[in-house]
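Shown next, in structure tokens, is the structure this report addresses.
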């Protein structure tokens, strides 16, 4: 997570009373996939069997016990669970009984809010009627389906292991089985405006009420990056990506799905509460190989390799690869940067940026200033990395910012 000094002299907020009850989230990372997509850089593996899957689930339960033992708020029940998100990897690779055990042994052992939101990710080829029914029986009400495209040519370019017909069947099954369904789409190789809009329209007609629209970023070390470097694959020009993205924003708005974050669109009341809480700095417990967690003043990232992760929890050690203690300056920087990713924007008082710079961006249609806040437009969201870099340098006295995952 980004961390640099912020405004000097800003007073720290008073700490919460020792007995106060807070709410937060739970993120569980399942690192298993049937096959590895050509663009993916997340912690994942296709080298697993039933034995390893069971050992990792047991390891996650052991990590949960370790963290509860070492965290007073968790141990004393002063932490209410508001959201649960099971991501990956591909959680739908897990046997249904293992997912049930995972949820029962973690979320099921924490006091929860009455409107607890539980989301599980799935890929189309792994979603079956039996699995959907089992998940609903575990309390899962929200499914996030990694569609990416309904075009066979695009799916092949992305290295996906399903075809368009499978994705369509999964969309129908998801919308029939779960009260809330989200679908991911990717702007990458083979992108065509008409095809993208038709895909989105088809998903909405099936019952999808939440769409995530991702602009593909080439990550070093991925097969797709190597293919592009070798001239075997070609990414669409940036101008075409922008044209397609803005057309999709308009079409989704017309269908009743408003943009509420940089890549997320939903019908009112169908937003992902878990994702929204990331940008609001709501604490969340991260469990599993490669998971990230945040406690308000500390961020951590777990060991990504299952073997190393299991060795750590087997030795009664927290399986962390890295951790960062956030001082007041770092927390103030996050309070300036993270809200930029939402349509609510950030208070202008937190932005030490020259008036000329702010005026140029406003004139270019990248953001608007009103009621003391700066809010990015859809066009501005496409340039958010540049704005974050500029802001981080300003807050850090000119030093460049290191990029890191938001977890």
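Modelled label-to-label distance, residue 80 and residue 205, 7 Å Cα→beta-carbon offset: nm?
4.3
For region 22-279, restrict the atom set to alpha-carbon positions and state the Rg and Dmax in Å.
Radius of gyration, then largest Cα-Cα span, for region 22-279: 18.7, 57 Å.
Under 15 Å from the 7 Å Cα→Cβ point of residue 379, by amide nitrogen: which residues of region 239-281?
Label zone hits: 239-250.
Give me the one-decimal nm value for the distance between modelled label points at residue 247 and residue 52, 7 Å along each residue's Cα-to-Cβ direction.
So the two model labels end up 4.2 nm from each other.
With 10 angstrom as the radius, rank 130, 271 by how many other C-beta atoms surround their C-beta, starting from the fewest.
On the way: 130 9, 271 18.
The order, fewest Cβ neighbours first, is 130, 271.
So between residue 307 and residue 114, what do we pick up on full extension, going 0.36 nm a residue minus the alpha carbon distance?
Extra length available between residue 307 and residue 114 comes to 65.8 nm.
Calculated from DSSP H runs of 4 or more alone, at -39500 (n - 2.57) each and per residue, what is the 222 nm mean residue ellipticity of the chain, nearest 500?
-11000 deg cm²/dmol
Would you list 98, 340 from fewest to most Cβ contacts within 10 Å?
Listed from fewest to most nearby Cβ atoms, that is 98, 340.
Write down the percent of antiparallel bridges among all DSSP beta bridges whose residues are both part of the chain, to the nearest 5. Each step should come with its number before you reach the end.
Values: 21 of 55 bridges.
That works out to approximately 40 percent antiparallel.
Which residue fluctuates most in the GNM of the chain (Cα springs below 10 Å): 267, 180, 233?
Comparing 267, 180, 233 in a Gaussian network model of the chain, the most mobile one is 233.
What is the Cα radius of gyration of region 81-206 over 2.2 N^0.38 Å, N being its residue count?
This ratio for region 81-206 stands at 1.11.
Evaluate the relative contact order of the chain (contact order divided by residue number), counting alpha-carbon pairs under 8 angstrom at least 6 apart; express in whole percent.
Relative contact order for the chain comes out at 20 percent.
Values quoted throughout were computed directly from the atomic coordinates according to the rules given, and no laboratory measurement underlies them. Keep in mind that what you see is a predicted model, and the values were worked out from it rather than measured. Because the Cβ atoms are built from the backbone with ideal geometry, glycine has one as well, and the counts that use them run over all protein chains shown.
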